[in-house]
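These notes concern the structure reproduced below.
The values are calculated or read from the model by the stated rules, or taken from the named source; none is laboratory data. Since this is a predicted model, take the numbers as computed values, not measurements. In this analysis, Cβ positions are derived from the backbone assuming ideal geometry, glycine residues included, and neighbour counts consider all displayed protein chains. Surface areas here come from the heavy atoms of the whole protein model, side chains and all, with no ligands, DNA or RNA. Shrake-Rupley method; radii C 1.70, N 1.55, O 1.52, S 1.80 Å.
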Amino acid sequence: MDLSDFLAHARRGDVIAKGSDAMAFVHATAQDALRITAELNARYHPPDEVRDLLSLLTGRPVDDSVTLFPPFHCEFGKNLVLGRDVFINQGCRFQDTGGITIGEGTLVGHGTTIATLDHAVDPARRADLLPAPVVIGRSVWIGAAVTIVPGVTIGDGAIVGAGAVVTRDVPADTVVAGVPARTIRPTGFETPAP
């Protein structure tokens, strides 16, 4: 299995079964991601070097407008897409095997966790992984210590309050908060179309 085969597998939401070629690919790719993030987190790097390491991690160019403050942890890397002007604060943990897309102008608060894999409910298949992508729109503000679970889409211009656990889709231009996150109110602004 190569990267394009795996990404197609994950996009379809196909099970990543214990002992399968897909699982072996996940584990091998994780070693690369762990090596790159260890380098990223081990010492100071100026912003251009941070972006270079992010490009190496994701396997695609990261725009010069992207800012990330380490430490940062990511267990796969190759299914992470960052838009222009994205800011990621310290201590974030991204499980991107199932796919994470972050739209331009989005701010991710420190200590945020984004998960994209579930495990099978059947105890006999518990080690199987079920990929479900997380898509975060443009100009979103994710507060500190937010958890976003697999399969969630957060609409353009939304605000997620600090400490929230996002378990379902968030409409555009809406403020959500709490555990689980619930709609609080509209932001009062309409995010312009790209």
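Kindly indicate whether Asp5 is without any contact (Cβ under 8 Å) to a residue 60 or more places away in the chain and under 24 Å from Val134 (Cβ atoms).
yes
Could you please find all residues in segment 93-140 being buried (at least 23 other Cβ atoms within 10 Å of the Cβ), not aliphatic (A, V, I, L, M) and not in a loop (DSSP other than H, G, I, E, B)?
Passing the criteria: Phe94, Pro131.
Considering only residues of segment 15-62 that are among the polar types (S, T, N, Q) and more than 17 Å from the chain's Cα centre (by Cα), which is most open to solvent (accessible area, probe 1.4 Å)?
Gln31
Looking only at residues that are of a type in the set (A, V, I, L, M) and out of contact with any Gly (no Cβ under 8 Å at 6 or more places or on another chain) in segment 136-164, which one is nearest to Pro192 (Cα to Cα)?
Val152
Count, please, the residues in segment 145-194 that happen to be basic (Lys, Arg) and outside any loop (DSSP other than H, G, I, E, B). Lay out the reasoning, then the answer.
Here is the first cut: in segment 145-194, the ones basic (Lys, Arg) are 168, 182, 185.
Those left that are additionally outside any loop (DSSP other than H, G, I, E, B): 182, 185.
Adding up the residues that qualify gives 2.
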